[in-house]
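Asker: Below is one structure. I have some questions about it.
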């Protein structure tokens with residue numbers, strides 16, 4: 001019996017950068033309080049470790065003493081929130097992911113050029129909330145085929161962007177949908193980050209070779225849930241867990257080969273914990289060759305124009 005780990009799994013560069021920024025701040029000699037604006041990453045185990053180091057989490061800036069540091073997590077924030085934070089007398093530590101910053105700039109540029117904006121993603125996700133703030137909520141949010149708008153030719157310019165952790169399958173279907181619409185100027189920006197794409201591709205590849213997939217990561221993590229959906233779409237039985245203790249023995253009955261993948265906010269030590277747990281249950285770790293390529297290669301990704 002064997003257990004395999006997807007070629008790309010766990011922390012992405014954006015999350016690793018954000019965590020590194022906060023960890024360095026936690027260990028410097030400055031005694032000024034440090035808060036993160038919401039959970040730094042969607043992983044309760046990591047958030048708990050940060051709390052043990054004195055890094056507090058809050059969703060309400062009114063609860064933060066003036067002069068404190070406030071870490072902007074990788075999802076980013078909009079201009080309204082940024083101004084409120086400054087007015088409250090807080091010192092910003094900006095850990096916004098470079099891919100998210102690029103997406104924010106694209107949204108501002110398209111909106112400024114008069115395009116009707118379609119944002120593919122989860123309406124209540126913090127990344128999407130920030131994007132909406134840049135355009136005064138003058139956009140359409142869609143997270144399923146049924147939510148995609150249709151046009152009758154009266155809207156001449158349409159711009160489409162995607163949440164950086166969006167499912168690539170949904171993005172491709174959305175592109176096909178808009179390419180069939182009577183739109184004079186259609187610009188579709190490929191804004192799903194490279195790390196998300198490679199993790200989804202690796203999960204698909206591994207799903208075709210195993211009897212069971214286990215996806216490790218926070219239950220509130222959008223990109224981790226998307227990984228689980230990708231695995232399920234390949235027809236393999238899939239379970240989403242946050243820790244080894246959630247893996248049930250009955251799941252493994254008759255299973256010879258298990259595949260593991262993990263969301264971009266899942267640390268390596270959590271993947272190792274799950275591996276050790278499965279090894280104790282009789283599964284031998286079978287390494288795969290890792291793919292080459294940098295996590296920031298997508299910064300030059302292009303666009304699809306009609």
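Asker: Of the residues in region 26-38, how many are in a loop (DSSP other than H, G, I, E, B) and either more than 26 Å from residue 240 (Cα to Cα) or free of Cβ contacts under 8 Å to residues at least 60 places away in the same chain (or both)?
Answerer: 7
Asker: Then there's this: Going residue by residue through region 146-158, is there one that turns out to be part of a helix (DSSP H, G or I) and either at pLDDT 95 or above or in contact with a helix residue (DSSP H, G or I) (Cβ under 9 Å, 6 or more places away or on another chain) (or both)?
Answerer: Yes, region 146-158 contains a residue that is part of a helix (DSSP H, G or I) and either at pLDDT 95 or above or in contact with a helix residue (DSSP H, G or I) (Cβ under 9 Å, 6 or more places away or on another chain) (or both).
Asker: Next up: For region 88-103, what are the residues that are in a helix (DSSP H, G or I), under 23 Å from residue 69 (Cα atoms) and either touching a helix residue (DSSP H, G or I) at 6+ places or on another chain (Cβ under 8 Å) or modelled with pLDDT under 95 (or both)?
Answerer: Once the filter is applied, which keeps residues that are in a helix (DSSP H, G or I), under 23 Å from residue 69 (Cα atoms) and either touching a helix residue (DSSP H, G or I) at 6+ places or on another chain (Cβ under 8 Å) or modelled with pLDDT under 95 (or both), region 88-103 yields 98, 100.
Asker: Still on this structure: Determine which member of the set 203, 142, 130, 174 is closer than 18 Å to residue 42 by Cα and either crowded, with 19+ Cβ neighbours inside 10 Å or in contact (Cβ under 8 Å) with a residue 24 or more places away in the chain (or both).
Answerer: Of 203, 142, 130, 174, the one residue that is closer than 18 Å to residue 42 by Cα and either crowded, with 19+ Cβ neighbours inside 10 Å or in contact (Cβ under 8 Å) with a residue 24 or more places away in the chain (or both) is 130.
Asker: Hey, another quick one. Only one of these conditions is not met by residue 75: (1) without any contact (Cβ under 8 Å) to a residue 60 or more places away in the chain; (2) more than 21 Å from residue 220 (Cβ to Cβ). Which number is it?
Answerer: Every condition holds for residue 75 apart from (2).
Asker: Got at least one residue in region 39-55 being under 19 Å from the mean Cα position of the chain (by Cα) and assigned to a strand (DSSP E or B)?
Answerer: no
Asker: Search region 1-25 for residues being in a loop (DSSP other than H, G, I, E, B) and touching a strand residue (DSSP E or B) at 6+ places or on another chain (Cβ under 9 Å), and hand back the single one that is surrounded by the fewest Cβ atoms within 10 Å (Cβ to Cβ).
Answerer: Among those that are in a loop (DSSP other than H, G, I, E, B) and touching a strand residue (DSSP E or B) at 6+ places or on another chain (Cβ under 9 Å), it is 1.
Asker: All but one of (1) at pLDDT below 95; (2) not assigned by TED's automatic domain parsing to the domain that holds residue 111 hold for residue 214; state the number of the condition that does not hold.
Answerer: Only one criterion in (1) at pLDDT below 95; (2) not assigned by TED's automatic domain parsing to the domain that holds residue 111 is unmet by residue 214, namely (1).
Asker: Sticking with this one: Working only within region 26-49, note down all residues that are at pLDDT 90 or above and in contact with a strand residue (DSSP E or B) (Cβ under 8 Å, 6 or more places away or on another chain).
Answerer: 32, 33, 34, 35, 36, 37, 38, 39, 40, 47
The values are calculated or read from the model by the stated rules, or taken from the named source; none is laboratory data. The structure presented is a predicted model; accordingly, all values stated were derived computationally and were not measured. When we count neighbours, we look across all protein chains shown, and the Cβ atoms used for this are built from the backbone with ideal geometry, even at glycine.
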